[in-house]
Amino acid sequence: MKPQLSALQKQMQCKIPKAALKYTTLPQAPEIQLALIDGAYPQADLSQEQVEDLMDSPPYWAFCWASDQVMARYLLGQPSLVKGKTVIDFGCGSAVVAIAAALAGAKRSIGLDIDVNALAASRLNAELNNVEIELSDCIEPLKIDKSKAILIIADVYYDADNIVLLNEFINDYADVIIADSRIKPEALAGVTEVARITSCTVPDLAEASDFNSVGVYRLT
């Protein structure tokens with residue numbers, strides 16, 4: 001096992017004892033492999049305290065959420081959206097979207113996340129897919145001309161507090177593309193739904209069917 005993978009697995013096991021990371025090919029984006037939690041992790045062995053802690057602060061980077069998988073497929077299927085452009089994956093988690101953008105020909109593909117483990121996982125996943133992406137916990141040092149950049153927001157609006165940033169994003173960026181299954185379209189003022197795609201989290205968490213219907217939104 002690579003040292004990076006081993007270190008991430010140890011971090012994950014602080015939340016989910018006995019769980020393992022494995023390289024996983026995405027069903028809807030088979031061009032991409034990610035280091036994700038093995039779906040056979042021992043859920044029944046978790047104490048109530050561990051379950052509550054996991055729900056409050058899960059290792060997001062160890063899953064490929066439905067909206068992330070949809071966004072990766074969307075970019076890979078329409079590479080002209082990002083080819084030759086600067087693309088920012090906001091709250092990148094596993095960096096699947098940044099990786100998809102790089103594969104689709106983005107000039108700069110940037111993953112932003114405040115979680116140091118997510119950035120470590122993103123670095124490992126980029127290496128696994130033989131692409132170069134930039135990673136940071138803050139956008140300011142990157143010297144980006146936002147008026148010419150594309151901001152991608154996938155599976156971020158599980159936290160409704162993030163919605164207040166949308167108007168600022170719309171004003172600042174050349175384009176904003178959103179994929180989300182956990183928010184109603186009418187809550188996203190300034191963008192229009194352009195696709196609705198059925199997906200699931202990898203590994204499959206058997207979530208409610210509403211969370212498997214992912215809306216893709218772009219600037220109005």
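Tell me, what are the semi-axes, in whole angstrom and largest first, of the equivalent ellipsoid of region 68-220 as set by the roots of 5 times the Cα gyration tensor eigenvalues? Present the calculation step by step, with values, prior to reporting the outcome.
Working: eigenvalues 92, 70, 45 Å².
Equivalent-ellipsoid dimensions as semi-axes: 21, 19, 15 Å.
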Rounded to the nearest 10 Å², the accessible area of Arg196 at probe 1.4 Å: 110 Å²
Share of carbon and sulfur in the accessible heavy-atom surface of the chain [1.4 Å probe, %]: 51 percent
Highest-fluctuation residue, Ala101, Ala29, Ala195 considered, GNM on the chain with Cα pairs under 10 Å: Ala195
Compactness index (Cα Rg / 2.2 N^0.38 Å), region 1-156: 1.04
Subset of Lys83/Lys143; Lys22/Lys184; Lys83/Lys148; Lys22/Lys107; Lys85/Lys146; Lys146/Lys184 violating a 22 Å alpha-carbon distance limit: Lys22/Lys184; Lys22/Lys107; Lys146/Lys184
Spherically averaged projected area in nm², based on the convex hull that wraps the Cα atoms of region 153-205: 4.2 nm²
Between region 56-81 and region 128-206, the Cα center-to-center distance that results, in Å: 10 Å
Theoretical gain in end-to-end length, Lys2 to Asp175 [0.36 nm per residue, Cα-Cα removed]: 58.5 nm
Gaussian network model of the chain, springs between alpha carbon atoms under 10 Å - residue of Asp180, Asp68, Asp161 with greatest fluctuation: Asp161
In Å², nearest 10: area of Met55 left accessible to a 1.4 Å probe: 150 Å²
Hz values of 3J(HN,Hα) by residue in region 94-108 - Karplus curve (6.51, -1.76, 1.60), Gly and Pro given as x: 7, 6, 4, 6, 4, 5, 4, 4, 5, 5, 7, x, 4, 5, 10
Built amide H within the under 5 Å cut-off of Glu134, gap 5+: Ser109, Ile110, Gly111
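The values are calculated or read from the model by the stated rules, or taken from the named source; none is laboratory data. The structure displayed is predicted, hence computed values, not measured ones. SASA here: full protein model, heavy atoms, side chains in, ligands and nucleic acids out. Shrake-Rupley method; radii C 1.70, N 1.55, O 1.52, S 1.80 Å.
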